[in-house]
Amino acid sequence: MRLVANLATGAISTLLLNTNIQPSSTDHCLSFIRALQYPYFDRQMVISDVTPADFSHIVFLSSEDKNCHLFAKLVYQPHTHRIITMAPYNIHECAIRHFGTCISKMLSMYQLDEDQHVTFKLHLNSAIHKGQTVVIPDFHLDLRSRSGVSLPRFPFWVGECGFTSGRSQMQMKLKSVAAIAPEMEVALMICIHDSKEESLSPRSHPLHSAPELHHAAFTPSHPPTNYIVPVVVEGIKWLDIKSITVSVFLRGSDGKFNFKDRGEVYAVGSLYPTLRMSNVNGLLDMATKHLLLRVIGMMELVPSADASTSVSRLRTASMTSSFPVWWQTLLEEFQTSLYDTAFSHYHAWRYHEDSD
């Protein structure tokens, strides 16, 4: 296992692995786990000569040790024996947190968060397993009937967020979940298009030898609240978001997802620079109705007086169901996260440029 390069990029991708292999040397894998706990911002670290056995053992060791928190996001390429790792940006995480809040609000609206017949759980960067395959999406919502504790949970909604440079990898991850989880009904993808600036040379720019800038230098005293502006510090544009789009995919009547951006059960909306989300709102409302109908079906499998009351209530609610989402609030959260992300970009440029 050896470090081969650091590549400037904004992409964050998927994690797929095959677990039907023999573990490798524990010491060998622990050395890599330590590296994963301190990944670079704005920069991929590429490691080669990692066998499938190595990678499987890395995942096993990190999951077994509760004190081991892997901060990096990963993609393992088994055909090339390479791992690509990068620290997540705050701008990625804020969208996931926002949708987590929206989903919690939805469950509360329909009294599903305290329901005695079904149980929901929202996972952030958590694995979905099926046989020998593991996929780790940015978030997924799963549910299970309380009537049979032995029944496994199944992912119902799955979401991804990242820069447009990683769009194909996000789609691949969603396709992978759809392939191993036939119960999955909704896929969500948020794409951030940023303007790429030419790399700065630390040897030629005076800012590199100047005293280190603090986080406050990247946060204006009066930040905008209804639009996104570039982060410019010391005359350098550290981050500039050109557009943000939100895509929603529902499983079609044929039981399949169409991730080719077309069809009646697909919608894309613009969050920025213009706010046009009506199509996405409509599909999210439809997804909420599908969720309520699925819950009703699960309740009807185990009839009871309490369940009958809940079924009646949810049938009425499903006629006018809606998904609670606050796009303007999310836009404001994107702007705030931009400052943290730009500071991470600056910090990586200042301290890690020489490692190229």
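The values are calculated or read from the model by the stated rules, or taken from the named source; none is laboratory data. On a predicted model such as this, the values are computed, not experimentally measured, just so you know. Glycine gets a Cβ as well: all are built from the backbone with ideal geometry, and neighbour counts include every protein chain shown.
Identify, please: which residue in segment 74-113 is charged (D, E, K, R) and out of contact with any strand residue (DSSP E or B) (no Cβ under 6 Å at 6 or more places or on another chain) and is, among those, modelled with the lowest pLDDT?
Ranking the qualifying residues of segment 74-113, first place goes to Asp113.
Modelled with pLDDT of 80 or more, closer than 30 Å to Ser270 by Cα, within 24 Å of the chain's Cα centre (by Cα) and among the basic types (Lys, Arg), is that true of Lys196?
no
One residue is enough: does segment 266-277 have a residue meeting the conditions among the β-branched types (Val, Ile, Thr) and either surrounded by 21 or more Cβ atoms within 10 Å (Cβ to Cβ) or under 30 Å from Leu213 (Cα atoms) (or both)?
No - not one qualifying residue is present in segment 266-277.
Can you tell me which residues in segment 128-143 are over 21 Å from His92 (Cβ atoms) and modelled with pLDDT of 80 or more? Break it down into steps so the answer makes sense when it comes.
Here is the first cut: in segment 128-143, the ones over 21 Å from His92 (Cβ atoms) are 129-133, 142-143.
Hits for segment 128-143 are Asp142, Leu143.
Tally the residues that are in a loop (DSSP other than H, G, I, E, B) and not charged (D, E, K, R), restricting the search to segment 218-253.
Here the count works out to 15.
Collect the residues in segment 204-214 that are modelled with pLDDT under 90 and either surrounded by 10 or more Cβ atoms within 10 Å (Cβ to Cβ) or not in a loop (DSSP other than H, G, I, E, B) (or both), keeping them in residue-number order.
Answer for segment 204-214, where residues must be modelled with pLDDT under 90 and either surrounded by 10 or more Cβ atoms within 10 Å (Cβ to Cβ) or not in a loop (DSSP other than H, G, I, E, B) (or both): His205, Pro206, Leu207, His208, Ser209, Ala210.
Can you tell me which residue within segment 222-255, out of those that are touching a residue at least 24 places away in the same chain (Cβ under 8 Å) and farther than 22 Å from Tyr339 by Cα, is surrounded by the fewest Cβ atoms within 10 Å (Cβ to Cβ)?
Gly255
Regarding Met286, is this residue touching a helix residue (DSSP H, G or I) at 6+ places or on another chain (Cβ under 7 Å) and either buried (at least 20 other Cβ atoms within 10 Å of the Cβ) or within 19 Å of Ser253 (Cα to Cα) (or both)?
no
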